[in-house]
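Worksheet: the structure to be examined is printed underneath.
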Amino acid sequence: MYAMWRLQVALCTLSVLSLSSAGESKARSCSEARQAYTAKGFSLINVPHQEISGEHLRVCPQGYTCCTSEMEDKLHQQSKLEFENLVKNSSHNMRTTFVSRHKKFD
């Protein structure tokens, strides 16, 4: 349950980073995305100041967005690591039980 919550938080962060303004011709500021990205512990080096075209992106919207492919990659890596750690931590008790019972059975 906690793992799903963390995954939802990661997806929401990606959503915030990919705010799209398809109907607007003016480029919007990426200040909210920059704040959300730094709150996750990342550097602002790869974060644009104004929305850019997202045609090359896999997760973020492909219209105008504040998300870059480097940002997608870093968020993907962090989400994967967090999810793997949550699964590992939550399955630790079950693993310990199986190992102990296996030893007794042998």
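The values are calculated or read from the model by the stated rules, or taken from the named source; none is laboratory data. As the structure is a computational prediction, the values presented were derived from the model and not from experiment. No Cβ is skipped: glycine too gets one built from the backbone with ideal geometry, and neighbour counts run over all protein chains shown. Surface accessibility is based on the protein's heavy atoms, side chains included, excluding ligands, DNA and RNA. Shrake-Rupley method; radii C 1.70, N 1.55, O 1.52, S 1.80 Å.
Of note:
- Considering residues of region 39-59 that are within 15 Å of R28 (Cα to Cα) and among the hydrophobic types (A, V, I, L, M, F, W, C) only, the residue surrounded by the fewest Cβ atoms within 10 Å (Cβ to Cβ): I52
- Taking the conditions (1) over 18 Å from C30 (Cβ atoms); (2) polar (S, T, N, Q); (3) open to solvent by 70 Å² or more (accessible area, probe 1.4 Å) in turn, Q62 satisfies each one other than (1).
- The lone criterion from (1) at pLDDT 85 or above; (2) small (G, A, S); (3) assigned to a loop (DSSP other than H, G, I, E, B) left unmet by S79 is number (3).
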